[in-house]
Amino acid sequence: MLQRVQHYIQAVEPRNLALSLAIQLGLAAFHGYDFRVGYVAGRNVALGLALFTMLYIQNIYPLDIAVGYLSRAQSAGYAEDMASYVRQALHHIPKEGNPVWIFPTTRTDFTLINKDLSTIVDRLLTVATLPRDSSAYSQALNDIRERLSVIVDNVSEAMPYIMLSPTNLTIILLWLFSLPAFNRFPRKSKMKKQTAL
């Protein structure tokens, strides 16, 4: 038994040994569980986590940043500050396109969202010329806050569709269908080596 464990440890690359051991210890309750299966499963799970993290960072995180800036604009007290936050949000929102690929609507159309935000910036610059203690200034800021709330909802509604775009779905499905292939390949190659000896 000790020789078998030493053989497995030598077969695993040193950088992956800690991950493999952690998975093996987590699955120790299953009697007869093969160490190599734990290593392959760990590698596949790590690959999947890296894939999902990459997709999130590339596609969703910029929109999260934009929603954060728009939320800050809603809570800002002055038109100049609101305009600054909305401009920063515009840098993180795609300029065009609609991420909803099944029955798209105007609520998630980034061209219209960008147009609305540009209009809001122009309106804020006009409002900034009014006296801050006037009722027109307060009413305009409250109206813009309501419009920003609608836009935040629209951007948030688009986020799941961006993550589940046809390209991303293809990548995710390829990863899922590759799991059984990766699990079988090491076993077959080990069996071939053992039969060759």
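Structural remarks
- Close pairs (6 angstrom Cβ cut-off, 6 or more residues apart or separate chains): farther than 10 Å from Ala79 by Cα in the stretch 130-142, in a loop (DSSP other than H, G, I, E, B) anywhere: Ala136/Leu130
- On inspection, Ile120 qualifies as in a helix (DSSP H, G or I), out of contact with any strand residue (DSSP E or B) (no Cβ under 8 Å at 6 or more places or on another chain) and not hydroxyl-bearing (Ser, Thr, Tyr).
- Residues located in the stretch 55-95, provided they are of a type outside the set (A, V, I, L, M, F, W, C), surrounded by 15 or more Cβ atoms within 10 Å (Cβ to Cβ) and not in a helix (DSSP H, G or I): His92, Pro94
- Looking only at the stretch 120-155, and only at residues there that are within 21 Å of Tyr69 (Cα to Cα), in contact with a Leu (Cβ under 9 Å, 6 or more places away or on another chain) and not β-branched (Val, Ile, Thr), the one that is surrounded by the fewest Cβ atoms within 10 Å (Cβ to Cβ): Ser149
- The stretch 156-167, subset closer than 23 Å to Gly68 by Cβ and outside any loop (DSSP other than H, G, I, E, B), residue modelled with the lowest pLDDT: Met163
- Criterion (at pLDDT 95 or above and out of contact with any His (no Cβ under 7 Å at 6 or more places or on another chain)) met by exactly one of Ala73, Ala22, Ala46: Ala73
- Some residue of the stretch 99-110 being surrounded by fewer than 19 Cβ atoms within 10 Å (Cβ to Cβ), without any contact (Cβ under 8 Å) to a residue 24 or more places away in the chain and part of a helix (DSSP H, G or I): yes
- Where a residue in the stretch 55-80 is more than 15 Å from Val150 (Cα to Cα) and its partner, wherever it lies, is of a type in the set (Phe, Trp, Tyr), with Cβ under 7 Å and at least six apart: Ala76/Tyr85
The values are calculated or read from the model by the stated rules, or taken from the named source; none is laboratory data. Since the model is a prediction, treat every value here as computed from it, not as a measurement. Please note: Cβ atoms are built from the backbone with ideal geometry, for glycine as well, and neighbour counts cover all protein chains shown.
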